[in-house]
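Working notes, beginning with the structure itself.
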Amino acid sequence: MVHCRAMSDWIPVIGLEVHAELETGSKMFSPCPVVDSVEAAPNSAVDVVSLGLPGTLPVINRRAMEYGMMVGLALNCEIPPVNRFDRKSYFYPDLPKGYQISQYEHPLAINGHVDIGLADGRCKRIRVRRAHMEEDTGKLTHVAGGFSLVDYNRAGVPLLEIVTEPDLASAAEAEAFARDLRAILRWLGVNSGDMSKGVLRFEANVSLRQPDDPDLRTRTEIKNLNSIRHMTRAIESELRRQRRLYEKGEELRQATLGWDEDAQRIVVQRYKERADEYRYFPEPDLPVVEVSEAWVHEVRARIPEMPAARRQRFMDEQGLQAADAQQLTSERAVADFYEAVLESGIEAQVAANWICGALFALMNARETPRETIGELRFGAAAFAALLRMVVDGTLNRGTATAVLEAMWESGADPQQIVRERGLAQISDSDVIEETVDQVLAQQVQLVERYRAGETKLLGALMGQAMKALRGQGNPAAVRQALQQRLDV
Amino acid sequence: MDDLADVTFLGTGDTLKLLREGQLSAVELTQAYLERSEAMDPQLRAWLSFTPELALAAAERADQAYRDGTAGPLAGIPLGIKDVFSTRGIETTCGSNILRGYRPPFSATVVERLEAAGAVFPGKLNMDEFAMGSTTANSGYFPTHNPWDLARVPGGSSGGSAAAVAAGMVAGALGSDTGGSIRQPGAFCGIPALKPSYGRCSRHGLIAFGSSLDCPGPMARSVEDLARLLQVIAGHDPRDATSLPAEVPDYLAALTGDIRGLKVGIPEAYFGEGLQPEVERAVRAAIAQLEELGAELRPVDLPHSEHSVATYYIIAPAEASANLARYDGVRYGQRVEREGMWPTWRATRGEGFGAEVKRRIMIGTYVLSAGYYDAWYGKAQAVRTLIKRDFDEAFREVDLIAAPTTPTTAFRLGENSDDPLQMYLQDIFTLPPSLAGIVGLNLPCGFDDQGLPIGFQLIAPSLGEALALRVGHAYEQATDWQRRPPLHA
Amino acid sequence: MHVNPRREFCKLRIHKGRCYTAGQVNCIYRLGSPMELTPEAVREIAALARLDLDEAEVTLFAEQLSACLDHFRKLQEVNSDDVEPTASVLPLRNVLRADEVGAALTPNEVIANAPDAEDFQFRVSAVLED
């Protein structure tokens, strides 16, 4: 008789293997340009090295190594003093040399961790086993007639492989880790996180265990996941599939799986009958890379303040609310923009209000992603100049929003816009008093009701006065003039 | 020049003088070499591809350069290129059918440097397929014959280069040496031939066999000519991460003729069983000659050299098994079409590679397999350390080492061809310097009873090319072993 | 311990940082006896190297490679305890290049030597699992 166990006895054991291309100008081992491999014409970014022509040799791209070290450090890894490249041999048409230059025994980074936030507000530490440098492969496209076409644009693009320990205990944890990792890569500016283009790729190793299992159970590997959402659903589905198998008393076969998003189900790509035989050996074409403490120190200094730390600083030092600090650190470009505005002498809360308010509203309306905040037609200095006119009373809120829109369209300097359109706020007391007198003379009824105690009518009178001033009156001055006359 | 027949055997220094002085044009010189090739090559079969029109065009450019005063150090000198080197737009097969028709879009650094120096290339020279072999009979196309005896092999893998140089078809040639492929054919064909230190000459464009061992190097008819060629091809190349960033000394200036006081080590164990008696006699006589020239002889011990065959024939095939994985009929070269991709792939490699290449791919694949790595590859790497250490220690006592280049003179075509192990064991003297990455210079030192050339080897520390050439030059000046083979056009 | 996919054979045995099946580990110590590569082993290695061999070659290679490996077995007698392996004789370290972009080949040049091409891409029979 098969012993039935309750569903809740099964504990998911999930590890992720992440491949992140690094956004260098040239490839990992040659000066060949790196291009958008989805957009570029086939085989338009291929040189003799990335084509694996006989007699070509690799030379390591320093920036790729440093980007890899930055990621390793941001993931709290150690950077071992000796880095070595190895050849990993396997045959596939997208692999030009019949081996991939990778790192096996001496990876770039080891023993790190990421603390992810769980739904219940707690934190969980996910260990990162290693991160190593390698080169990406080309791409195969299947075409009619039983053929595949090979494009080597992507071959040789620097690739960082990040491997976690199997510390993830649910699809939700895997999702949280993936989102955090993606944010870190983007924040470091080493990877766009665009999974649809394949520059960031996740693979999940999934198994189940019972609390009293003496040994590990068979695990499966899910590949070709095109988004974090797909990954989450694929893991959920695979966990259900494994559970059902065990509960029916069946065995799980070791396999490589794929995810069919349309059918919302796991598909078996191949069963693994035996271990892969990669015949790793040290790459004789590349001398070892020794990473000195000084080099690590230098690279660490180049790592920008990471989002969590920056958020905390915005709250502690600048007194921002958590919600504002969160929004301002959602993208590194936003935080940089915000701090540049502060550097122009704008008070923190004013800058935060206007960025999270009017500017984000405008960016949303124009469908402009927040990470491009640094590429708008106007920069932080011009934005600060706008806010300065609000603070000093030259512009009121509504006019400032209109000026912002004008800046968006033309990129013109805010002072110039205000000058050209005659939008400067009217603070001249003679003009204001004259206008207020006219309004009060016209609105006799409102004035009487106000004086009879309906003081909330001040707002209506303000509105009339501002309208007469074409919206450019200094609200405080207008209010003061009205009250002086009404409260006599 | 009236007697063009003899210009092909002039030393490069003399030829350059005639060219500079306008007594000989590069076109005349090239024509003389081309004529000699046309006369000799039907017997020797040294050229894998022969490009006389390109050579003549280059010769015309060289003549123009002499007129313009812009001639490079080798302007107008016809040199042969072993087919292991990539040559832009010119078929480069590495002696293999799998690369038949392949025209690289770039040239090897050493070829570029010779080209920039004004050299003229009449074609590409035959070799053992992928530089694997010591006969040039492993060429995927046809064997090359020894100019001293057409029934014998010229050695290998740079056998086409050695035969062409010895027969006066070119003034010099580029070879490559992984475990003896420059020195052994040099010995078999009776010419000086230099394996420089690993990293001295760029491997960019040299089709890889054993990446941690492969060395481009010059083959010529005098030590002075070797120095002229090395001067041009040596030096750092940023496209090869294993190229040494060391200064290139003036190699010609090093040929002082004076070797007094130099300490020459003699590894007595190298003169043991299996050495052809005439070879031993000739090498010992050469060593005595060095002593006569003022060198001091000292015994040295290289105890791990006896393991060099096993060590080399694990390491080189291991690297080769990966280096040759790229020949799959997808991007370049020949494809043998079958139903389905994997059957096509296996047939392409099964039919495209010859037996020796397949044997070495098999050994290499086997020794790198997970279960066997430590026992074979790991062990061989450790023993390589010991072999290198032996030399490091020896060079604390002596300046250079003298030893035989090969156990015997050239073998008959077909000899040992069914016994790869016997063939590998013949490499015993050339392998240790290869594994240590140091200099090995073959010098002709006599003839055996059948009139076949004998060579001996000067072994110098890494970057000791100038020293080896200096001693080789002094020896050459004092002797008369550099002779013309008995070939008649 | 959850196994690294790259080291999935680790679940079997780890010996000096590498992973083996129990049989393979035994082999390492079995090298004391004469070395023989069976025709079956030759076929397996050829499959790994993607090389078609005919039966005559399998028989010949089994014999020749066994003879070679048997000779190489003598290496086991060398005491190399505490000897660092030499992967490269070079004294070089940290040979890196700046991230500078050079020229690519044109798509025409890329496929110039291709046995089969379509739309500037290399054409192969559709890849099916072996």
Find the all-direction average of the projected area of the Cα convex hull for region B:218-370, expressing the result in square nanometres with one decimal place. 14.7 nm²
Please give the contour-minus-distance gain from B:TRP342 to B:ARG20: 0.36 nm per residue of separation, less the Cα-Cα distance, rounded to one decimal in nm. 110.1 nm
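Using a simple charge model, +1 on the beta-carbon of Lys and Arg, -1 on the beta-carbon of Asp and Glu, nothing else, what dipole does chain A show about its Cα centre, in debye to the nearest 20? Don't skip to the end; give the middle numbers.
Numbers: 58 positive and 71 negative charges, 195 e Å.
I would put it at about 940 debye.
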To the nearest 10 degrees, how steeply does helix A:228-247 sit against the main Cα axis of chain A, on a 0 to 90 scale? 50 degrees
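Would you kindly give the portion of the calculated P(r) for region A:429-486 that falls above 15 Å, as a percent of all Cα pairs?
Working: 619 of 1653 pairs.
Percentage above 15 Å: 37.
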Would you grab the residues whose amide H sits under 5 Å from the one on A:LEU168? Only those 5+ places off in sequence or on another chain, please, with H modelled 1.01 Å from N. A:ILE14
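Based on Cα coordinates alone, diagonalise the gyration tensor for the protein assembly as shown, multiply each eigenvalue by 5, take square roots, and list the semi-axes in whole Å, largest first. Kindly include the intermediate steps, with their values, before the conclusion.
On the way: eigenvalues 985, 276, 130 Å².
Working through the eigenvalues yields semi-axes of 70, 37, 26 Å.
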Charged-residue dipole, Cβ positions (Lys, Arg, Asp, Glu), the protein assembly as shown about Cα centre, Debye nearest 20: 2500 debye
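Counting only other chains, what is the mean number of Cβ atoms within 10 angstrom of the Cβ of each residue in peptide A:79-91?
On the way: counts 0, 0, 0, 1, 1, 1, 0, 1, 8, 2, 8, 3, 12.
The mean count of partner-chain Cβ atoms within 10 Å per residue comes to 3.
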Taking the Cα centre of each part, how many Å lie between region A:294-316 and region A:438-465? 56 Å
Can you find, among B:ALA26, B:GLY155, B:GLY371, the residue farthest towards the positive end of the dipole of chain B? Put +1 on the C-beta of Lys and Arg, -1 on that of Asp and Glu. B:GLY371
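Multiply the residue separation of A:ALA381 and A:ARG217 by 0.36 nm, subtract the distance between their alpha-carbon atoms, and state the gained length in nm to one decimal. All intermediate terms of the calculation are to be shown ahead of the outcome.
Values: separation 164, 0.36 × 164 = 59.04 nm, distance 5.91 nm.
Result for the pair: 53.1 nm of gain on full extension.
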Debye log10 I(q)/I(0) for region A:211-305, one point scatterer per Cα, at q = 0.11 Å⁻¹: -0.62
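Please state the relative contact order of region C:33-77 as a whole percent: Cα pairs under 8 Å, 6+ residues apart? Before the final figure, lay out the partial values.
Working: 26 pairs, mean separation 24.9, N = 45.
It rounds to 55 percent for region C:33-77.
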In peptide B:476-487, what is the residue-averaged number of other protein chain Cβ atoms found within 10 Å of each Cβ? 0
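Hey, got a sec? Which GluC sites (Glu not before Pro) in region A:18-73 land in a DSSP loop and have at most 16 other Cβ atoms within 10 Å? Intermediate results must be reported in sequence, preceding the final value.
On the way: sites: A:GLU21, A:GLU23, A:GLU39, A:GLU66; in loops: A:GLU23, A:GLU39.
Passing both the DSSP loop test and the Cβ count: A:GLU39.
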What does the highest-first list of A:228-234, A:450-456 look like by mean Cβ count within 10 Å? A:228-234, A:450-456
Region C:33-77 - Rg and Dmax from Cα coordinates, angstrom: 11.2, 35
So what's region B:353-419 giving for Cα Rg divided by 2.2 N^0.38 Å, two decimals? 1.60
Rounded to the nearest angstrom and ordered from largest down, what semi-axes does the equivalent ellipsoid of region C:43-130 get from its C-alpha gyration tensor (root of 5λ)? 39, 31, 11
Based on the inverse mean of 1/r over its pairs of different Cα atoms, what is the Kirkwood hydrodynamic radius of region A:293-433, in Å? 16.3 Å
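In units of 2.2 N^0.38 Å, what is the alpha-carbon radius of gyration of region A:350-488? Mind showing how you got there, number by number?
Working: Rg = 18.0 Å, N = 139, 2.2 N^0.38 = 14.3 Å.
Region A:350-488 yields a ratio of 1.25.
So what is the relative contact order for chain A, in percent, with contacts set as C-alpha pairs under 8 Å and at least six apart? Don't jump to the answer; show the numbers that get you there.
Working: 848 pairs, mean separation 64.7, N = 488.
After rounding, I find 13 percent.
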Could you tell me the largest-minus-smallest coordinate of the C-alpha atoms of region A:10-59 on each of the three principal axes, in descending order and whole angstroms? 52, 28, 18
Stokes-Einstein D (µm²/s) once Rh is taken as the Kirkwood radius of region A:253-295 over alpha-carbon pairs, at 25 °C in 0.890 mPa s: 165 µm²/s
Would you please state the base-10 log of I(q)/I(0) at q = 0.16 1/Å for region A:7-294, with intensities from the Debye formula using one equal scatterer on every alpha carbon? -1.39
Karplus-derived 3J(HN,Hα) from phi for region A:69-83 (6.51 cos²θ - 1.76 cosθ + 1.60, θ = phi - 60°), whole Hz, x at Gly and Pro, runs 5, 4, 5, x, 5, 5, 8, 6, 8, 8, 9, x, x, 10, 10
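Just want to confirm a number: the relative contact order over chain B, from Cα pairs under 8 angstrom separated by 6+ residues, in percent. All intermediate terms of the calculation are to be shown ahead of the outcome.
Values: 1203 pairs, mean separation 85.1, N = 489.
Relative contact order of chain B: 17 percent.
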Once every Cα of region B:318-401 carries one equal point scatterer and solvent is ignored, give the base-10 log of I(q)/I(0) from the Debye formula at q = 0.10, 0.12, 0.24 Å⁻¹, two decimals. -0.42, -0.55, -1.08
Once label points are set 7 Å from the Cα along Cα→Cβ at both B:ASP418 and A:ARG270, what is their separation, rounded to one decimal in nm? 4.0 nm
On C-alpha positions alone, give me the angle between the axis of helix A:332-343 and the longest principal axis of chain A, in degrees, nearest 10. 40 degrees
Acute angle (nearest 10 degrees) that the helix A:397-410 long axis makes with the longest principal axis of chain A, alpha-carbon atoms: 50 degrees
Taking the dipole about the Cα centre of the protein assembly as shown, with the C-beta of Lys and Arg at +1 and of Asp and Glu at -1, give me whichever of A:GLN425, A:ILE222, A:VAL190 is farthest to the positive side. A:GLN425
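Just for the protein assembly as shown, what percent of DSSP beta bridges are antiparallel, to the closest 5? If you can, show how the numbers build up before the last one.
Working: 94 of 112 bridges.
Approximately 85 percent, going by the DSSP bridge assignments.
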Could you tell me the calculated FRET efficiency between A:ALA144 and A:ASP487, based on Cβ-Cβ distance and R0 = 60 angstrom, to the nearest 0.05? 0.10
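Could you tell me which GluC sites (Glu not before Pro) in region A:331-388 are loop residues by DSSP with no more than 14 other beta carbons within 10 angstrom of their beta carbon? Don't jump to the answer; show the numbers that get you there.
Numbers: sites: A:GLU331, A:GLU339, A:GLU343, A:GLU347, A:GLU367, A:GLU371, A:GLU375; in loops: A:GLU331, A:GLU347, A:GLU367.
The qualifying sites are A:GLU347, A:GLU367.
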Distance (nanometres) between label positions extended 7 Å along Cα→Cβ at A:ASN364 and A:VAL431: 3.4 nm
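Output the direction-averaged projected area (hull surface divided by four) of the convex hull of the alpha-carbon atoms of chain A, in nm².
Values: hull surface 136.9 nm².
Over all viewing directions, chain A projects a mean Cα-hull area of 34.2 nm².
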Computed from the mean reciprocal separation of all distinct C-alpha pairs, what Kirkwood hydrodynamic radius does region A:78-182 have, in Å? 16.1 Å
Label point distance in nm, C:GLU36-A:ARG244, each placed 7 Å from Cα along Cα→Cβ: 5.1 nm
What are the ³J(HN,Hα) couplings of region B:109-115, residue after residue, when phi is run through the Karplus curve with 6.51, -1.76, 1.60 and θ = phi - 60°? Round to Hz, x for glycine and proline. 4, 5, 5, 4, 5, 5, 4
Select from region B:155-263 those trypsin sites (Lys or Arg not before Pro) which occupy a DSSP coil region and have at most 13 other Cβ atoms within 10 Å, ordered by residue number. B:ARG260
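Set the bar at 26 Å for Cα to Cα. Now go through B:LYS124/B:LYS358; A:LYS88/B:LYS82; A:LYS88/B:LYS195; A:LYS27/A:LYS97 and name every pair that lies beyond it. All intermediate terms of the calculation are to be shown ahead of the outcome.
Working: B:LYS124/B:LYS358 24 Å; A:LYS88/B:LYS82 30 Å; A:LYS88/B:LYS195 30 Å; A:LYS27/A:LYS97 15 Å.
Long pairs (Cα-Cα over 26 Å): A:LYS88/B:LYS82; A:LYS88/B:LYS195.
What full-extension length gain, to one decimal in nm, is calculated for A:ASP9 and A:GLU317 as 0.36 nm per residue of separation minus the Cα-Cα distance? Walk me through the numbers on the way to the answer.
Numbers: separation 308, 0.36 × 308 = 110.88 nm, distance 4.74 nm.
Length difference between fully extended and current span is 106.1 nm.
How fast does chain B diffuse by Stokes-Einstein, in µm²/s, taking the Kirkwood radius from C-alpha pairs at 25 °C and 0.890 mPa s?
Details: Rh = 22.2 Å.
Translational D for this selection: 111 µm²/s.
Read the figures in this text as sums done on the coordinates, not as results from a lab. All figures in this text were calculated on a predicted structure; none of them were measured in a lab. When we count neighbours, we look across all protein chains shown, and the Cβ atoms used for this are built from the backbone with ideal geometry, even at glycine.
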